Amino acid sequence: GDVSNLYENGLVLHLEMHGDEELKGLIMSNGQLIPWLELVDLFRVINIGTSNNLYITMATCNGREIYTAVNPHQKSPYAAYISASMTVANSQIAEVFFRLFDNLLDSGNLITAYLNMERTGSNFYYKDSKTTFEEGFKDTMQRLYGDENLKAEIVADASKAAQKATGFKPSAEFENMVFETALKDIFKKHYDAFQF
């Protein structure tokens with residue numbers, strides 16, 4: 001059934017485990033690797049069930065790499081996450097997350113708690129789903145931007161329509177503007193599918 005109303009203030013899922021040195025996922029206590037893709041697929045189900053209210057905190061080394069498994073063509077697997085972008089010592093982890101959860105209990109808001117924690121400095125940072133999407137989709141946009149066949153197809157259709165409407169052949173500036181507008185539209189459609 002629909003459980004999203006139970007989590008309108010958000011659900012925090014805290015993971016405390018080793019990060020893979022090769023940046024491929026997280027390591028369980030028995031040494032088994034849980035790949036980022038597997039985690040992301042599990043988180044997506046929870047995030048959909050909570051109406052984009054899943055917040056993940058990772059007391060792990062290299063946890064930021066989770067974004068590499070996010071598929072920009074599917075719903076976001078989390079509203080946001082807090083993690084380290086490097087190797088961190090156990091003492092750092094304990095200190096940072098004690099401060100974070102202490103602040104969270106006081107404020108009831110993970111972002112406020114994170115900002116309060118950040119004031120004292122740490123190697124952990126907050127990343128929301130929009131930033132994750134933009135980073136994940138950047139490669140796709142660069143590929144599309146360099147696709148001369150796609151550009152020719154989009155520009156030809158728009159130029160034909162413009163010439164029919166005005167009687168004039170469009171300029172190169174117009175053609176570039178049409179292509180950039182088409183790419184922005186592609187980005188928006190994918191972002192709308194990714195978001196809630």
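Out of the residues in region 51-78 that are touching a helix residue (DSSP H, G or I) at 6+ places or on another chain (Cβ under 8 Å) and of a type in the set (A, V, I, L, M, F, W, C), state the one that is surrounded by the most Cβ atoms within 10 Å (Cβ to Cβ).
Ile66
Which ones in region 22-77 are among the small types (Gly, Ala, Ser) and touching a strand residue (DSSP E or B) at 6+ places or on another chain (Cβ under 7 Å)?
Gly25, Ala59, Gly63 - these are the residues of region 22-77 that are among the small types (Gly, Ala, Ser) and touching a strand residue (DSSP E or B) at 6+ places or on another chain (Cβ under 7 Å).
Checking the condition modelled with pLDDT of 75 or more, aromatic (Phe, Trp, Tyr) and either surrounded by 14 or more Cβ atoms within 10 Å (Cβ to Cβ) or within 19 Å of Ser83 (Cβ to Cβ) (or both), which residue from Phe124, Phe133 passes?
Just a single option satisfies the conditions, and that option is Phe133.
When the residues of region 18-50 are filtered to those that are part of a loop (DSSP other than H, G, I, E, B) and buried (at least 16 other Cβ atoms within 10 Å of the Cβ), which remaining residue is modelled with the lowest pLDDT?
Asp20
How do the helices (runs of 4 or more DSSP H) wholly within region 58-159 filter down when requiring 3 or more residues that are in contact (Cβ under 8 Å) with a residue 40 or more places away in the chain: which remain?
The qualifying helices (runs of 4 or more DSSP H) are 90-107, 129-145.
Could you tell me which numbered condition Val178 fails, if it satisfies all but one of (1) within 30 Å of Asn52 (Cα to Cα); (2) touching a residue at least 12 places away in the same chain (Cβ under 8 Å); (3) aliphatic (A, V, I, L, M)?
Val178 satisfies every listed condition except (1).
When Gly49 is evaluated against the numbered criteria (1) out of contact with any Cys (no Cβ under 9 Å at 6 or more places or on another chain); (2) farther than 23 Å from Ala193 by Cβ, which criterion, by number, is the only one it fails?
Against the list (1) out of contact with any Cys (no Cβ under 9 Å at 6 or more places or on another chain); (2) farther than 23 Å from Ala193 by Cβ, Gly49 comes up short only on (2).
The values are calculated or read from the model by the stated rules, or taken from the named source; none is laboratory data. Here the structure is a predicted model, which means the values were calculated and not measured. With ideal geometry, Cβ positions are generated from the backbone for all residues, glycine too; neighbour counts draw on all protein chains shown.
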